[in-house]
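Chemist: Sharing a structure here in structure tokens format.
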Amino acid sequence: MRILVELVPSILSSDFAHLADEVAAAERGGGTVIHVDVMDGHFVPNITLGPPVVKSLRKVTSLPLDCHLMIENADDFIPAFADAGANWISVHYEACRHLHRTIQLISQHGMKPGVVINPATPVDLLIPVLPMLHHVLIMSVNPGFGGQEFIPYSLTKLSRLRELRQQMGLKFRIEVDGGVAHDTIAAVVEAGAELLVAGSAVFSSGRAEQNARELLAAARKAAESNAA
Ligand code: DX5
Ligand code: ZN
């Protein structure tokens with residue numbers, strides 16, 4: 001089976017003073033979705049950005065904006081992200097008290113819903129909502145910061161998710177986020193990941209275009225040998 005892998009650059013590790021240039025470079029390197037990490041200082045121990053930055057990004061790229069909400073009370077902010085031009089919204093299983101309702105709200109606002117799980121959260125907890133989702137995001141680091149080390153047991157979770165998708169006859173996309181770099185990208189693809197979020201591996205060292213190109217080449221190679 002042919003697997004379509006996509007590189008999803010995470011702007012968290014980019015130079016925010018030159019955000020438009022950074023995104024353009026990542027796009028030239030083959031990035032096809034832009035990952036936007038939204039942190040509130042409550043659900044995760046860090047603060048980043050919100051709808052105004054999404055609105056600015058919307059003006060400089062036509063790629064889908066994949067907003068990863070690491071926030072409490074996500075329902076309160078979903079309309080603002082829709083107005084700002086977000087395309088995909090991922091909410092954390094661990095942060096949503098009424099997950100089904102939140103997923104419905106994202107869809108009602110014309111965006112594609114996804115659910116994210118932290119490293120310690122089992123994949124099977126998502127079984128009831130899988131039919132509602134456009135994508136499922138497996139965190140392979142604890143959320144909050146870029147540049148952390150990949151947690152190896154995430155690979156088992158990716159494989160389990162792929163198995164569930166097949167068993168349930170569903171089509172959601174499988175996304176991975178955290179520690180995806182040259183030394184881990186082949187393994188995540190082999191385990192079933194198709195949307196490959198990479199922050200520091202793309203934006204560190206000021207050569208986003210080249211980094212993105214190399215990562216994507218490695219991911220495609222792994223996908224081809226999987227298919228063979
Ligand atoms: C971390 C964020 C990630 C982050 C990944 O909480 O969700 O998207 O940018 O960074 P790297 O790829 O450096 O691990
Ligand atoms: Zn993220």
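Chemist: Among the residues of the stretch 133-156, which ones are assigned to a helix (DSSP H, G or I) and surrounded by 18 or more Cβ atoms within 10 Å (Cβ to Cβ)?
Modeler: Ser154, Leu155
Chemist: If I filter the stretch 94-106 down to residues being open to solvent by 70 Å² or more (accessible area, probe 1.4 Å) and part of a helix (DSSP H, G or I), which single residue comes out as farthest from Glu72 (Cα to Cα)?
Modeler: Filtering first and then ranking leaves Gln104.
Chemist: Checking Asn142 against (1) within 16 Å of ligand 2 (Cβ to nearest atom); (2) touching a strand residue (DSSP E or B) at 6+ places or on another chain (Cβ under 6 Å); (3) free of Cβ contacts under 8 Å to residues at least 60 places away in the same chain, which test does it fail?
Modeler: Tallying (1) within 16 Å of ligand 2 (Cβ to nearest atom); (2) touching a strand residue (DSSP E or B) at 6+ places or on another chain (Cβ under 6 Å); (3) free of Cβ contacts under 8 Å to residues at least 60 places away in the same chain, Asn142 fails exactly one: (2).
Chemist: While we're here: Checking Leu65 against (1) within 14 Å of ligand 1 (Cβ to nearest atom); (2) more than 16 Å from His135 (Cβ to Cβ); (3) without any contact (Cβ under 8 Å) to a residue 60 or more places away in the chain, which single condition isn't satisfied?
Modeler: The failed condition is (2).
Chemist: Take the residues of the stretch 33-53 that are β-branched (Val, Ile, Thr) and open to solvent by 40 Å² or more (accessible area, probe 1.4 Å): which is farthest from ligand 1 (Cβ to nearest atom)?
Modeler: Going through the qualifying residues, I end up with Val53.
Chemist: Please verify whether Leu69 is open to solvent by less than 50 Å² (accessible area, probe 1.4 Å) and under 19 Å from Gly199 (Cβ atoms), treating the condition exactly as stated.
Modeler: The answer is yes for Leu69.
Chemist: Gly41: at pLDDT 95 or above and under 20 Å from Val8 (Cβ atoms), yes or no?
Modeler: no
Chemist: Still on this model: Please enumerate the residues belonging to the stretch 171-202 that are part of a helix (DSSP H, G or I), within 16 Å of ligand 1 (Cβ to nearest atom) and surrounded by fewer than 24 Cβ atoms within 10 Å (Cβ to Cβ).
Modeler: Across the stretch 171-202, the qualifying residues are Ala186, Ala187, Ser200.
The values are calculated or read from the model by the stated rules, or taken from the named source; none is laboratory data. As the structure is a computational prediction, the values presented were derived from the model and not from experiment. Cβ atoms come from the backbone with ideal geometry, glycine included; neighbour counts cover every protein chain shown. For accessibility, only protein heavy atoms count, side chains too; no ligands or nucleic acids. Shrake-Rupley method; radii C 1.70, N 1.55, O 1.52, S 1.80 Å.
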